[in-house]
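Have a look at the structure below before the remarks.
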Amino acid sequence: MFLGLKKGDIIDVVAPSCGNFDVSRDQVIEFIKSLGYTARIPENFQEKEVDLFSANTQEIRAKHLIDALQSKDSKAIWMFRGGYGATKLIPELDKYDFSSNPKVLIGFSDITSLGLYFEVKYGWKFIHGTIRYAKNQRSTQEEFNLMKNFLAGEWDKVEYKFDSLNAKAKEEISIKGEITGGNLALIQCSLGTNWQINANNKILFIEDTGERGYRIDRMLEHLKQAGVFNNIRALIFGDITCAPEPNGEFLCDAAISRFIAREMKDVPVFSSKMFGHGRINYPLIFNLEVQIAMGKNPSLVFQNIVD
């Protein structure tokens with residue numbers, strides 16, 4: 001099975017990026033409890049006004065993450081929020097060898113950097129997704145149930161429906177491969193680092209938020225020139241929440257459509273609003289083989305297979 005946490009198991013919760021000061025530590029504990037697990041959260045996991053951009057000082061955030069990575073009694077680490085700051089912790093992580101104590105990481109957005117780091121360095125799995133902790137934050141029951149089942153290993157087959165974005169995606173075949181990727185801006189940030197994304201022979205997933213059309217176009221062009229799209233098996237665009245141009249237009253979709261038409265003629269390309277910064281964010285398991293059934297009604301299938 002993929003993970004198989006048992007009822008009551010400890011999940012370490014840390015905030016390597018931004019904080020969310022509208023959500024209390026007790027709310028996070030109650031949320032993890034509702035999933036059937038025990039949350040272990042540092043008392044000072046987030047403190048106001050101690051860092052320009054993030055949940056706490058760089059030193060404290062690094063200590064919390066390293067302590068969680070070194071803990072022997074937890075299998076998973078849930079990253080409290082994205083935002084900004086996780087990349088700054090990676091040089092500190094390089095001082096340690098975590099290979100003998102594998103963890104499953106959970107998060108998205110800025111946490112893409114940590115997902116890629118541990119995938120590239122150790123081959124760990126990463127659940128791209130989050131659940132909103134506070135009652136006033138949107139979350140669907142299906143999203144909650146999927147995350148709960150993934151963590152417990154209590155799933156047989158999960159299928160997500162896609163839209164086809166080019167002719168190649170409409171061919172009546174299926175492909176298999178592991179998913180990698182995450183937030184487009186953080187994928188771009190990985191270039192030239194020791195955690196640079198390796199999408200060779202994989203299914204590349206991309207999402208982003210708050211970017212204007214030309215910035216999406218520029219990042220895609222950078223990844224193309226860096227060779228990231230070479231030899232990928234498929235490309236999936238999740239929710240790209242666009243920022244408006246000065247005249248009020250939204251050009252992200254147009255930028256993506258142009259890029260696909262010019263550069264992705266031989267690669268099947270799909271889209272879904274089910275993953276990313278939008279209204280819902282269903283979980284995806286990275287570094288685990290999945291199948292994409294192409295054709296008229298394309299879908300992504302996670303099949304639970306005993307290791």
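No lab work stands behind these numbers, since they all come straight from the coordinates. Keep in mind the model is a prediction, meaning the values are calculated, not measured. As a convention, Cβ positions derive from the backbone with ideal geometry for all residues, glycine included, and neighbour counts pool all protein chains shown.
Could you tell me which trypsin sites (Lys or Arg not before Pro) in the range 1-76 are loop residues by DSSP with no more than 13 other beta carbons within 10 angstrom of their beta carbon?
Those satisfying the criteria are K6, K7, K48, K72.
What length, rounded to one decimal in nm, is gained on full extension from E59 through to L191, with 0.36 nm per residue of separation minus their alpha-carbon distance?
45.1 nm
Say the dipole of the chain comes from +1 at the beta carbon of Lys and Arg and -1 at that of Asp and Glu; which of S71, Q225, I236 then lies farthest toward its positive end?
Going by the charge dipole, the pick is I236.
Please report the spacing between the Cα centers of the range 270-300 and the range 14-59 in Å, no decimals.
Going from one Cα centre to the other spans 28 Å.
Each residue of the range 155-166 in turn: what ³J(HN,Hα) in whole Hz from Karplus with 6.51, -1.76, 1.60 and θ = phi - 60°, glycine and Pro shown as x?
These are the phi-based 3J(HN,Hα) values: 8, 9, 8, 10, 10, 10, 7, 10, 10, 8, 10, 8 Hz.
Can you compute the FRET efficiency between Q70 and Q303 using 1/(1 + (r/R0)^6), with r the Cβ-Cβ distance and R0 = 30 Å? Round to the nearest 0.05.
Efficiency, from the Cβ-Cβ distance: 0.40.
Return a single number: how many Lys pairs in the range 67-159, at a sequence separation of 8 or more or on separate chains, have alpha-carbon atoms below 17 angstrom apart.
11
Return the sequence-ordered ³J(HN,Hα) values of the range 55-69 in whole Hz as given by the Karplus equation 6.51 cos²θ - 1.76 cosθ + 1.60 applied to θ = phi - 60°, using x for Gly and Pro.
My calculation for the range 55-69 gives 6, 6, 5, 4, 5, 5, 4, 5, 4, 4, 5, 5, 4, 5, 5 Hz in order.
For the range 34-105, which GluC sites (Glu not before Pro) pass both filters: DSSP loop (anything but H, G, I, E, B) and at most 16 other C-beta atoms within 10 Å?
In loop regions of the range 34-105 (DSSP not H, G, I, E or B), the sparsely surrounded GluC sites (Glu not before Pro) are E43, E47, E49.
Taking every alpha carbon pair in the chain, what does the distance histogram look like in 10 angstrom bins from 0, in percent?
The calculated distribution, bin by bin, is 6, 28, 36, 23, 7, 0.
If I build a Gaussian network model for the chain, linking alpha-carbon pairs within less than 10 angstrom, which residue out of K265, K202, K176 has the largest mean-square fluctuation?
K265
Between I179 and residues 5 or more places away or on another chain, which pairs have amide H atoms under 5 Å apart, with H built 1.01 Å from N, and which residues are they?
Long-range HN contacts for I179: I203, N287, L288, V290.
If a/c stays under 1.5 just call it rounded; otherwise compare a/b with b/c (prolate if a/b is bigger, oblate if not). Do that for the range 10-152, with a ≥ b ≥ c from the square roots of the Cα gyration tensor eigenvalues.
Oblate is the answer for the range 10-152, as a/c is 1.5 or above yet b/c matches or exceeds a/b.
Any aspartates and glutamates with Cα under 12 Å of the K48 Cα? List them, leaving off those in the same chain fewer than 8 positions away.
Filter leaves D22.
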